[in-house]
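Structure first, then comments.
What follows is calculated from the coordinates using simple rules that are stated; it is not laboratory data. Just so it is clear, the structure is predicted and the values come from calculations on it, not from any experiment. No Cβ is skipped: glycine too gets one built from the backbone with ideal geometry, and neighbour counts run over all protein chains shown.
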Amino acid sequence: MDGQGDRPSFDIAIVGAGVVGVHVAIGLLDRGIPFTIYEQSAELTEMGAGITITSTIAQSLAALHPEATQYLLKVSKLMSNINLVNGSRDDLSLRPSDQLYDLVISPYEFHAAHRAKLVEGLLQLIPKERIKLGKRIESIVERGDDEKLLLQFADGTTAEADAVIGCDGIKSRVRQIVGGSDNPSSFAHYSNMSAYRGLITMDKATAALGQLVKDPVWYLGQGASMVTYAILGPGGIPFLNVVAYVHDEQDSLSLDSLVSEGNKEDVEAAFSQFGSCVKDVIKALPDKLNRWALFDSYVHPLPSYAYGRTVLAGDAAHPSTPHIGSGAGMGIEEALILAELLKSATERLGASEGSTTRRKLLEAAFKAYSDIRRPRTQWIVAQSRTIGIMSQGRHEEMGTDFDNYGIYLREKIGKLQAYDWKDSIRQAIDQFERELGASV
């Protein structure tokens, strides 16, 4: 479905063509709500590597757009369980198949996908004329109740829209516009942890880890942690993907340093207290590594995700570290709720209910969205930060008691999986109706 014919509707500007922006777009597309995506890059290239999407969230994709699920299935692999290993031990490569893991958190199904491939597939659903490239947003001007918002871009051009949905990621310019340049909440902040990523050949990986190479594993230790899982590299050659999480005490780090060239010696030093097997994996990494500094909104969260007719989603609203694996998933949940709220607002607009103006409808919809989404997503931000600290034995109360860490993680994963997306939509619509009643 595309377009409302003669029925009144809203014109929505989506800032950002990443994984969240594209999901927001296909949700609006399926409901016939006009939109335009404004992407600052001159080309549609998605930054980042793998993402994980829980089966619960994957089930909701069909409600977002009928074809969304099939695109996820094409580019993802269904994984089961979270496998934890104490990385300080030296016997890892010798473990038999029935004693591989120190702790298994199950059931926990999730889809592991390459971010760029997922976005590339979903973009095929969106008419090309709906995407404008090379458009870095500079300002959003409010011009009055009966006027559209004015979007001003760095290239000197402008555009109009009834509402703006900021999906422009961890460096969100929209968040800076609505929050203010002097507000700490307008920016993500360094979490004192970085991820070093690299690939090693399967022969080297098997020599170090034995049968542990066959499944995703999280290795816990003192001052660092490591995640490994097999992937297919160029030409279909299997590699072990290694993500080494390293803690540091650097007071602050600019978002401009989000990705930089890493020093392998720093990684080896961070894993000095691990067992010989994990150390062998670290030694086998390439000499040149990418360092991904991890930023989040834990210390300075936004008080709201809704600012009049402008709203934030995904990392633009609540940047998070990856330790609970739900960053992209949160954005997909939000895409569905925004689509359903805007559908309800459009239906009310078509009913021409007297004083219920476009502005009131949009503000009520976005306020309801923020009220429903903020508690869950801020919980995710906090738990991801805590779980990352615990995985490195740095938690003040738990220390290196990884058995209790497993109990804690199982509890939080259970809460994550218990999300009822249908009930969240119902709550959001009910809240929207209450907001409308309060505004009349």
inquiry  = Report the Rg/Rh value for segment 190-296, based on alpha-carbon coordinates and the Kirkwood definition of Rh.
reply    = 0.97
Contour minus Cα-Cα distance for Ala62 and Ser41 (0.36 nm per residue) = 4.7 nm
query = Where both partners of a DSSP beta bridge lie in the chain, what percent of those bridges are antiparallel, to the nearest 5?
reply = 75
query = From largest to smallest, what semi-axes in whole angstrom does segment 10-66 give when each is the square root of 5 times an eigenvalue of its alpha carbon gyration tensor?
reply = 20, 19, 6
ask   = Which longest uninterrupted range of the chain lacks any GluC sites (Glu not before Pro) assigned by DSSP to a loop state (not H, G, I, E or B) and surrounded by at most 10 other Cβ atoms within 10 Å?
value = 44-248
request  = For helix 358-390, report the angle its Cα long axis makes with the longest principal axis of the Cα atoms of the chain; keep it between 0 and 90° and round to the nearest 10°.
outcome  = 10
key: Global size of the chain as Cα Rg and Dmax, reported in angstrom   = 22.6, 74
key: Ranking of Cys277, Cys167 by count of other Cβ atoms within 10 Å, fewest first   = Cys277, Cys167
Whole-number Å³ per residue for the convex hull built on Cα positions in segment 214-265 = 127
request  = Could you work out the Rg to Rh ratio of segment 301-393, with Rh taken as the Kirkwood radius (inverse of the mean 1/r over all Cα pairs)?
outcome  = 1.11
key: Distance histogram for segment 65-192 (every C-alpha pair counted, 5 angstrom bins, percent rounded to whole numbers)   = 2, 7, 11, 11, 11, 12, 12, 10, 7, 6, 5, 3, 2, 1, 0
Subset of Lys288/Lys412; Lys74/Lys128; Lys77/Lys135; Lys117/Lys204 violating a 30 Å alpha-carbon distance limit = Lys288/Lys412; Lys77/Lys135
remark   = Put in order of increasing Cβ neighbours within 10 Å, starting from the fewest, His318, His111, His395, His323 give His395, His111, His323, His318
request  = For the chain, find the longest principal axis of its Cα atoms and tell me its angle to the long axis of helix 55-64, 0 to 90°, nearest 10.
outcome  = 20
